[in-house]
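The values are calculated or read from the model by the stated rules, or taken from the named source; none is laboratory data. Here the structure is a predicted model, which means the values were calculated and not measured. All Cβ positions, glycine included, derive from the backbone under ideal geometry; neighbour counts span all protein chains shown.
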Amino acid sequence: MPSPIPDLGPTLAKPHISLRNRRGLIEAPDLALEQPAPPASHAHVLQVVQPGLLGLMDGSVSTLAPLFATAALTGRTESAFLVGLAASVGAGISMGLAEALSDDGQISGRGKPLMRGIITGGGTVIGGMLHTLPFLLRNLQTALFLAYGVVVFELLTIAYIRYRWMNSPLGKTVVQVIVGGGIVFGLGIWLGKIGAGA
């Protein structure tokens, strides 16, 4: 006599998944997968290093032309300092607002927009003011000599940050940064000499 088949009951019963909501309407299952959070180092680069580098690059390069053009045009360190100060603060406010308003960080994972704006704006002011401070001196030639050295230091610092945090080849990034900064620097000197000779 064959042995009776055991009744496994609910153990083998497949769970019934209802796609109907309380109103009786069929809903599609949610197949969205949560994206894993970026590693801490990656988040640090996106939220701190990149905004700071952006501001430092803009401040170091964008203020070169008006600063040295004014120094060559007027021959007065006071005028050059005021122009450098105005250019640095104005660029810092502009870059900070642009960074904060361009991305809320929801999709890109770049963090809080206010903090990124502060970092970018602060980096811009610092980058512009470093080579502006020598013009507090009264002697124009001494101020220019110091400012030249500060500009080289700024550009090498930018190149190192790109090498350290962005994995950019050191030689290539040094050439790129120095060439870009040199073009703006030369433009400022050239315009200043044209204005002084006019």
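Let me confirm something: among Gly195, Gly186, which residue is in contact (Cβ under 8 Å) with a residue 40 or more places away in the chain, assigned to a helix (DSSP H, G or I), exposed (fewer than 14 other Cβ atoms within 10 Å of the Cβ) and over 24 Å from the mean Cα position of the chain (by Cα)?
Gly195
Mind checking which residues of the range 85-119 are under 21 Å from Val150 (Cβ atoms) and either of a type in the set (Ser, Thr, Tyr) or touching a Cys at 6+ places or on another chain (Cβ under 6 Å) (or both)?
Scanning the range 85-119 gives a single hit, Ser88.
Tell me the residue from Gly123, Gly84 that is under 23 Å from Ala43 (Cα atoms) and surrounded by 22 or more Cβ atoms within 10 Å (Cβ to Cβ), please.
Going through Gly123, Gly84 in turn, just one is under 23 Å from Ala43 (Cα atoms) and surrounded by 22 or more Cβ atoms within 10 Å (Cβ to Cβ): Gly123.
With the requirement that a residue be of a type in the set (S, T, N, Q) and not in a helix (DSSP H, G or I), what does the range 93-109 give you?
Residues satisfying the conditions are Gln106, Ser108.
Quick one: what pairs do we get from the range 152-173, first residue on the phi < 0 side of the Ramachandran plot and in a loop (DSSP other than H, G, I, E, B), second crowded, with 16+ Cβ neighbours inside 10 Å and not aromatic (Phe, Trp, Tyr), C-beta under 6 Å, 6+ apart or different chains?
Every condition considered, the pairs that remain are Ser168/Arg162.
Of the residues Gly117, Gly181, Gly128, Gly90, which single one is over 23 Å from Gly75 (Cβ atoms), part of a helix (DSSP H, G or I), at pLDDT 95 or above and among the small types (Gly, Ala, Ser)?
After applying the criteria, what remains is Gly90.
Identify the residue in the range 131-163 that is closer than 19 Å to Asp58 by Cβ and charged (D, E, K, R) and, among all such residues, is surrounded by the most Cβ atoms within 10 Å (Cβ to Cβ).
The qualifying residue surrounded by the most Cβ atoms within 10 Å (Cβ to Cβ) is Glu154.
Out of (1) of a type in the set (Val, Ile, Thr); (2) in contact with a Gly (Cβ under 9 Å, 6 or more places away or on another chain); (3) more than 23 Å from Gly195 (Cα to Cα), what's the single condition that is false for Thr74?
(3)
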